[in-house]
Structures are given as C-alpha cells and as structure tokens.
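Single-structure report; data block below.
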Amino acid sequence: MQYQNLGKNRIFAGLSEKEIDESIELMKARVKFYEKSNPIIKEGDEISSFFYIIKGSIFVYKCDILGNRRIISIAKSGQLFAEAFYINEVKFSPVYAVASEDSKLVSLTLDKNNFVDRKDLYLKIMTNMCKVLAMKNTILRKKIDILNLPTIRDKVLYYLRSLELENSSKYFFIEYNVSSLSEYLGVNRSALSRELSKMKKEGIIDYYKNQFRILK
C-alpha cells in the first residue's frame, strides 16, 4: 500500500475505511523519501504540511544561541511529526529535523477549505488531533523534568526508569547512541560516558550496546 498503516493513526480514530480514504485524498497526501542524515525540516523553513512516518525515524533538534545542539525528541514509524506546528499555524520551523535512518514519510495538510463538502470529517480529524497533541504534551513535560534534574546520574536514571515502565520489562532498548543521548539529556558526551561506566561498575545499571537493565 502506498500509505501503509496511515489509516491506523489516531487522527483517523472512529472513521470508516471509506472515510479514511476520502480524508487522505483531501489531505493531499504525498510520499517522500529521505536518506539517513538528510534534513526534513531546517530551522526557519516555512511549515506548509506535517508528516506521517511510514518507515524510519526522525531526530528533532534545537540549537541554542551558542550553537549547542539538543535533541528534543525522536519520531518513529507510525507517528506524526510537525503536526503541532502545523495545527497551531506556526509559520516557520523553530526546530531542525533530520532522518536518523533511511525513511519513508507522507506529507499531509489539514485545510478546512479542502473539506468544504465534508465538514464532518474535518471536525472528527481535528478532534482526534487535539487528543494526539495532548499526549505529546505529556512527553514534552517528561523532557522538561529531565532537564531540570541536577546531576547526570539523576537524568540517566529518570530516563531509564521511564523506559522500564513503558516497556514493562527489566530489559529494554534505548533509541540513542551515547552521542545522541547526551544531546537529549542536555549533558556533555564524555561526562555521560564516564557516568554510565561508573553506574555499571557500581551495580546500578547494566548494558550492552543499546540494551539496558536497571539493577537497583
């Protein structure tokens, strides 16, 4: 299928298959391909659409006034990206987004003028979109909580415990390498690497590559 699993996204919850197909057409869906490390949106780019990720993943970055890069979030297969900016009519992107692996995306619009004869569909999708944005606000609050913690160890444990809860397992995988994780946590890469090694030696955590386990 050209738009594989797009119709299963939460923004189409409660719609029939026929309504989903009609909505996708009205949303001007277009498939786009991005190779690993290629930019999807650059800071300052005009926002004219949002995206659904069919395959791959996206790192979303923000640079401070000193040029330091921080990972805000990662968007994965089956998720939306840039919908908050689009829906809130943010004209220019405040972030930089790059494909963290070869990725296949669908660009979408949600213009009520295109739904002039199907206002019922527009209302349903917008209602679902509000629920999606509310969930993303919860994720953003977690990131803010991490950044406000005083030490690298506190940040690491908070992040790992949240993944442990999400996966309901003592063994889980993280989505970042050390360099990317340091950007996400807002800490120095070398300092993070040293702290992870110390925590492993002290029997607090165990890990091999991207698989982690909290021991105590």
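Structure data summary
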item	result
Any chance residue 8 is surrounded by fewer than 17 Cβ atoms within 10 Å (Cβ to Cβ), modelled with pLDDT under 95, more than 19 Å from the chain's Cα centre (by Cα) and closer than 27 Å to residue 112 by Cβ	no
Some residue of the stretch 11-32 being out of contact with any Leu (no Cβ under 8 Å at 6 or more places or on another chain), among the basic types (Lys, Arg) and closer than 24 Å to residue 127 by Cβ	yes
Residues of the stretch 174-205 classified as outside any helix (DSSP H, G or I), more than 21 Å from residue 70 (Cα to Cα) and out of contact with any Lys or Arg (no Cβ under 7 Å at 6 or more places or on another chain), total	1
Residue list for the stretch 20-60, restricted to those being free of Cβ contacts under 8 Å to residues at least 24 places away in the same chain and of a type outside the set (A, V, I, L, M, F, W, C)	21, 25
Failed item in (1) closer than 30 Å to residue 89 by Cα; (2) in contact with a helix residue (DSSP H, G or I) (Cβ under 6 Å, 6 or more places away or on another chain), with residue 205 passing the rest	(1)
Boolean, residue 23 is over 21 Å from residue 59 (Cβ atoms) and surrounded by 17 or more Cβ atoms within 10 Å (Cβ to Cβ)	yes
Residue check for residue 98: closer than 24 Å to residue 178 by Cα and in contact with a Pro (Cβ under 6 Å, 6 or more places away or on another chain)	yes
Among (1) loosely packed, with under 11 Cβ neighbours inside 10 Å; (2) in contact with a strand residue (DSSP E or B) (Cβ under 9 Å, 6 or more places away or on another chain); (3) of a type outside the set (D, E, K, R), the one test that residue 151 misses	(2)
Residue check, residue 104 in a strand (DSSP E or B) and surrounded by fewer than 18 Cβ atoms within 10 Å (Cβ to Cβ)	yes
Residue that is nearest to residue 19 (Cα to Cα), among those in the stretch 113-142 that are in contact with a Gly (Cβ under 9 Å, 6 or more places away or on another chain) and surrounded by 14 or more Cβ atoms within 10 Å (Cβ to Cβ)	124
Options 67, 14: the member that is at pLDDT below 95, under 25 Å from residue 135 (Cβ atoms) and either in a loop (DSSP other than H, G, I, E, B) or of a type outside the set (Asp, Glu) (or both)	14
Among the residues listed as 106, 116, the single one being modelled with pLDDT of 95 or more, among the hydrophobic types (A, V, I, L, M, F, W, C) and over 12 Å from the mean Cα position of the chain (by Cα)	106
Selected residue (only one of 155, 142, 136 is more than 29 Å from residue 11 (Cβ to Cβ), in a helix (DSSP H, G or I) and within 20 Å of the chain's Cα centre (by Cα))	155
Number of the condition not met by residue 125 [criteria: (1) modelled with pLDDT of 95 or more; (2) not in a helix (DSSP H, G or I)]	(2)
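The values are calculated or read from the model by the stated rules, or taken from the named source; none is laboratory data. Quick caveat: nothing in here was measured; it's all calculated off a predicted structure. Counting neighbours? That spans all protein chains shown, and the Cβs are built from the backbone with ideal geometry, glycine included.
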